[in-house]
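Student: One structure coming up, written as structure tokens, with questions to follow.
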Amino acid sequence: METQGGELLIVGAGHAGSELAIAARQGGWPGRIIVLGDETGVPYQRPPLSKAYLLGKCEADALALRPASAYEAAHIERLPGARLTSIDRTAHTVTLADGSVLHYDKLALCTGGRPRPLACEGIDPQHPPANLFYLRTLADADGIRANLAPGARVVVVGGGYVGLEVAASARGLGAEVTVIEAQPRVLARVAGAEVARFYEQVHREAGVRILTGTGVERVICEGGRITAVQCSNGQRIAADVVVAGIGMLPNIEAAAAAGLASRDGIRVDELARTADPDIMAAGDCTLQHHALADRELRLESVPNALEQARAAASWLCGKPKPNRSVPWFWSDQYELKLQMAGLSQGHDRCVLRGDPGKRSFCAFYLHASRLLAVDAVNRPGEFMLARRALAQPVHIDAERLADEAVPLKDVLAGSETVTGKP
Ligand SMILES: Cc1cc2nc3c(=O)[nH]c(=O)nc-3n(C[C@H](O)[C@H](O)[C@H](O)COP(=O)(O)OP(=O)(O)OC[C@H]3O[C@@H](n4cnc5c(N)ncnc54)[C@H](O)[C@@H]3O)c2cc1C
């Protein structure tokens, strides 16, 4: 258990880094806390970038996770515009891009990720087209927003959450939107087929063109701008703006060079500890074993970043509280609030409760009657109940679950706790 204090250096001033700093101070970390990050300004929320902020419904100031004064009051030093390039675990130092060297007693890596670049004929990565955008930062959102005029022809590459949220926002601003998705359906990596079908329908009804099972073969450029996207099915789609939302690459290069990262993440345990007792990691850059899936996963969500950050702080402050939270996530598109909890991979049955036609339903994912996950559309009450039930593996009666005449709390109360592994 850790309590000795000293210098806590946190790299990455996003959701995880900001939370870790505050939680460590609140938990009683007695020494210096320094948060350095390569962005400027105070740490801010990313989820609204594809939603309210893109729609112009909120300003940049409203995105701050907490005001600058909160860090000052907690005696947390901030170093914006500073980029970590390497870690010397023996010397307990990090080197920054400007050559300066900082000492640490404890180091926390909260470096998140960056968008996966779109690679195809017509794109020179050294000189990307001026109207090709990604969405991770406030600056990215500003770039997209400035190009979303009514009638603009927007091509979104990727039908995951970020892509679909951008599509919904762009459509809301009056743009002509086409989504190109290489998989046979949207949300292929993150939601069940029923929910994906529902969202495809919702987008089509809103006037978005969705092309699934379709890749991008090349882009056609004139004067440094994309004028059209050539699809694998031969279709050519005229474009004023192209937004690629094709996933994220974790920022793990320095950790990997220091021997702390494998595959695509920095390996951490339930207390956010890496293999080095003086280095922790939290957020999108980490890989953690999750009991629900019985395997290592890299989760890309705000709740995960916060839970891991709090677990790290609890360990640092000598009051260890392991992160065993059920993964959950949300997505806002049009007037729909989608909330997901658990991990649906491996399910053998999907039970719908409610009516997708009425835009209010839950999809429950079961394996051998064990509840694995839930996707809830405009059903926050049932979502909360189901999320709580997922914390403890349970067997559920699928017929009762599908019957809306039986309140969900009664269905769950009558469920049996699972013993042993699934
Ligand atoms: C458009 C969009 C919409 C989203 N919507 C949702 C949603 O609805 N719900 C949800 O739960 N999640 C959502 N997410 C995901 C969520 O934002 C991330 O899971 C969350 O930001 C992860 O927090 P983090 O602290 O790990 O990483 P980040 O918030 O990305 O912070 C990492 C920080 O570290 C900095 N950094 C990286 N490398 C270095 C380095 N070498 N030196 C210094 N600094 C460095 C980065 O620039 C960044 O500022 C969304 C993400 C995006 C992009």
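Derivation of every value follows stated rules applied to the coordinates shown; laboratory data play no part. Note that this is a predicted model, so its numbers are computed, not measured. As a convention, Cβ positions derive from the backbone with ideal geometry for all residues, glycine included, and neighbour counts pool all protein chains shown.
Student: Could you list, bin by bin from short to long, the percent of Cα-Cα pairs of the chain in 10 Å steps?
Tutor: Per 10 Å bin, starting at zero, the Cα-Cα P(r) for the chain comes out as 5, 21, 27, 26, 17, 4, 0 percent.
Student: Where in region 189-271 are there trypsin sites (Lys or Arg not before Pro) that are in a DSSP coil and have at most 12 other Cβ atoms within 10 angstrom of their Cβ? Display every interim value, and only then the final one.
Tutor: Details: sites: Arg189, Arg197, Arg204, Arg209, Arg218, Arg225, Arg236, Arg263, Arg267; in loops: Arg189, Arg263.
Sites meeting the loop and neighbour criteria: Arg189, Arg263.
Student: Evaluate Rg over Rh across region 117-246, taking Cα atoms for both radii and Kirkwood's formula for Rh.
Tutor: Values: Rg = 13.6 Å, Rh = 14.5 Å.
Using Cα coordinates only, the ratio equals 0.94.
Student: Let's see if you can work this out: charge +1 on each Lys and Arg Cβ, -1 on each Asp and Glu Cβ, no other charges. What is the dipole magnitude of region 275-343 about its Cα centre, in debye to the nearest 20? Don't skip to the answer; put the middle values down first.
Tutor: Values: 7 positive and 9 negative charges, 62 e Å.
The dipole of region 275-343 has a size of about 300 debye.
Student: With a cut-off of at most 10 other beta carbons within 10 Å, and DSSP calling the residue loop, which GluC sites (Glu not before Pro) in region 1-98 qualify? Please list them.
Tutor: Working: sites: Glu2, Glu7, Glu19, Glu39, Glu59, Glu72, Glu77; in loops: Glu2, Glu7, Glu39, Glu59.
Passing both the DSSP loop test and the Cβ count: Glu59.
Student: Placing unit charges on C-beta atoms (Lys and Arg positive, Asp and Glu negative, everything else neutral), compute the dipole magnitude of the chain about its Cα centre in debye, rounded to 20. Don't jump to the answer; show the numbers that get you there.
Tutor: Working: 45 positive and 48 negative charges, 98 e Å.
It comes to approximately 480 debye.
Student: In region 348-422, which GluC sites (Glu not before Pro) are in a loop and have at most 15 other Cβ atoms within 10 Å, using DSSP for the loop call?
Tutor: Those that pass, being in a loop and sparsely packed, are Glu404.
Student: Treating only the Cβ of Lys, Arg, Asp and Glu as charged (+1, +1, -1, -1), what charge dipole size does region 289-422 show about its Cα centre? Round to the nearest 20 debye. Could you put the intermediate results ahead of the total?
Tutor: Numbers: 18 positive and 16 negative charges, 105 e Å.
Dipole of region 289-422, to the nearest 20 debye: 500 debye.
Student: Per 10 Å bin, what is the whole-percent P(r) computed from every C-alpha pair distance within region 335-417?
Tutor: Over region 335-417, the share of Cα pairs per 10 Å bin runs 20, 59, 20, 1 percent.
Student: In whole Å, what are the Cα extents of region 42-188 along the three principal axes, biggest one first?
Tutor: Principal-axis extents of region 42-188 (Cα, largest first): 54, 38, 29 Å.
Student: What share of the DSSP beta bridges in the chain is antiparallel, in percent to the nearest 5?
Tutor: Numbers: 55 of 89 bridges.
Restricted to the chain, the bridges split so that about 60 percent are antiparallel.
Student: Placing +1 on the Cβ of each Lys and Arg and -1 on the Cβ of each Asp and Glu in the chain, which of Gly247, Gly234, Ala405 has its Cα farthest towards the positive end of the resulting dipole?
Tutor: In the chain, that residue is Ala405.
Student: Here's something else I'd like to know. Quick one: what are the phi-derived ³J(HN,Hα) couplings along region 207-221, Karplus 6.51/-1.76/1.60 with θ = phi - 60°, whole Hz, x for glycine and proline?
Tutor: Residue by residue, region 207-221 yields x, 8, 8, 10, 10, 9, x, 10, x, 9, 8, 7, 10, 9, 10 Hz.
Student: Then there is this: Could you tell me which of Cys350, Gln333, Thr286 has its Cα farthest along the dipole of region 259-358 towards the positive end, charges placed at Cβ (Lys, Arg +1; Asp, Glu -1), taken about the Cα centre?
Tutor: Cys350
Student: For the chain, what does the helix formula give at 222 nm: sum of -39500 (n - 2.57) over DSSP H segments with n ≥ 4, over the residue count, nearest 500 deg cm²/dmol? Working shown, then result.
Tutor: Working: 10 runs with 93 residues, N = 422.
-6500 deg cm²/dmol, from helical runs alone.
Student: Could you sort 320-332, 164-176 so that the peptide with the highest average Cβ count within 10 Å comes first and the rest follow in order? Kindly include the intermediate steps, with their values, before the conclusion.
Tutor: Values: 320-332: 18.1, 164-176: 23.5.
Ranking the peptides 320-332, 164-176 by packing returns 164-176, 320-332.
Student: Can you give the log10 of the normalised intensity I(q)/I(0) at q = 0.11, 0.15, 0.22 Å⁻¹, computed with Debye over equal Cα scatterers of region 215-326?
Tutor: The calculated log intensity ratios at q = 0.11, 0.15, 0.22 Å⁻¹ are -0.52, -0.69, -1.10.
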